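Step one of this worksheet: look at the structure below.
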Amino acid sequence: MRLIISILFMALSFGAAAQTNSFDPESAYAPHEIEGWRVLVNQKLLAETNLCERIMKVLSAQLYQITRVVPAPALAKIRQIPIWVELDDPLFPWICYHESRDWLESHGVNPAKTDAVELANAKHFLNWSLEQPCMALHELSHGYHHQFLGDDYARIRRCYEHVRAAGLYESVLRANGHHERHYGMNNAKEYFAESTEAFFGTNDFYPFVRAELKEYDPEMYALQCEVWGVKP
């Protein structure tokens with residue numbers, strides 16, 4: 001996902017400013033259940049009735065679509081990943097999966113968000129999802145990789161190293177009409193999450209959908225089938 005730093009421990013440049021941040025306690029969030037996920041919505045967002053209604057519609061639609069395409073065993077696992085929804089975090093206004101408790105604690109972010117997805121800025125989520133319709137799936141796939149496959153899942157690493165060495169994604173078409181380096185080439189985790197978008201939905205970088213992924217990157221296509229339990 002563009003404009004998103006999905007693995008937060010990479011954002012060390014924000015360290016000094018973030019350490020002074022005081023976070024809202026969990027009691028400041030209203031728990032909801034949406035399509036089987038536990039979603040915690042900040043009361044500040046609930047007070048913005050119109051904005052809250054719109055973001056919940058978009059999030060609900062994305063989660064519903066995930067339930068339609070992800071096989072039941074894998075779906076049960078990613079449903080264990082909670083989702084926190086903020087009005088506007090001024091220090092970290094992104095959409096992300098939090099895998100490092102130490103990073104959260106050292107940067108003044110609620111450590112209860114460890115192993116969870118955070119929509120830290122409601123307006124950004126609404127705007128970015130117009131071009132990136134599988135944002136929730138992207139972040140949940142980070143959680144699936146981290147919690148259920150393992151960060152060092154060997155086959156993901158091998159696929160990533162192979163396509164990077166081959167230059168397969170150095171210049172591909174993006175939904176905005178430009179040719180750019182694929183966001184998935186930042187690291188193996190982003191490569192897996194970006195490919196998951198194409199496999200189950202629509203990505204904003206080529207390959208956009210499953211048939212294109214199968215044709216362009218058959219090794220990753222086969223890996224997606226394997227780890228999600230989809231018959232090729």
Fill in the blank from the handout: Helix 154-166: inclination vs the chain longest Cα principal axis, degrees, rounded to 10, gives 70 degrees
Exercise for the section: Would you mind checking the pairs K123/K189; K77/K113; K57/K123 and listing those with alpha carbons more than 19 angstrom apart? Expected result: K123/K189
Exercise for the section: Give me the distance in nm between label points sitting 7 Å out from Cα along the Cα-to-Cβ direction at D24 and E212, one decimal. Expected result: 3.7 nm
Practice task
Multiply the residue separation of K57 and E161 by 0.36 nm, subtract the distance between their alpha-carbon atoms, and state the gained length in nm to one decimal.
Solution key: 33.6 nm
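On a full-extension model of 0.36 nm per residue, what is the gain between D88 and L46, subtracting their alpha-carbon distance, rounded to one decimal in nm?
13.9 nm
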Exercise for the section: Give me the angle, in degrees from 0 to 90, between the Cα long axis of helix 49-69 and the longest principal axis of the Cα atoms of the chain, rounded to the nearest 10. Expected result: 30 degrees
Handout entry: Spin-label model distance (nm) - D152 vs R101, 7 Å beyond Cα toward Cβ
Key = 2.1 nm
Handout entry: Considering only region 8-146, percent of DSSP beta bridges that pair antiparallel, nearest 5
Key = 65 percent
Exercise for the section: Treating the angle as unsigned and between 0 and 90°, give the value, to the nearest 10°, between the Cα long axis of helix 218-228 and the longest Cα principal axis of the chain. Expected result: 50 degrees
Exercise for the section: Find how many whole Å separate the alpha carbon centroid of region 205-229 from the alpha carbon centroid of region 106-138. Expected result: 24 Å
Problem - Distance between modelled label sites at E33 and N187, nm, 7 Å Cα→Cβ extension - result: 3.5 nm
Exercise for the section: Can you check how the C-alpha radius of gyration of the chain compares to 2.2 N^0.38 Å, as a plain ratio? Expected result: 0.99
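Readers should treat all values here as calculations from the given coordinates under stated rules, not as data from a laboratory. Keep in mind that this is a model prediction, so the values were computed, not measured. Here Cβ is always computed from backbone atoms with ideal geometry, including for glycine, and neighbour counts include all displayed protein chains.
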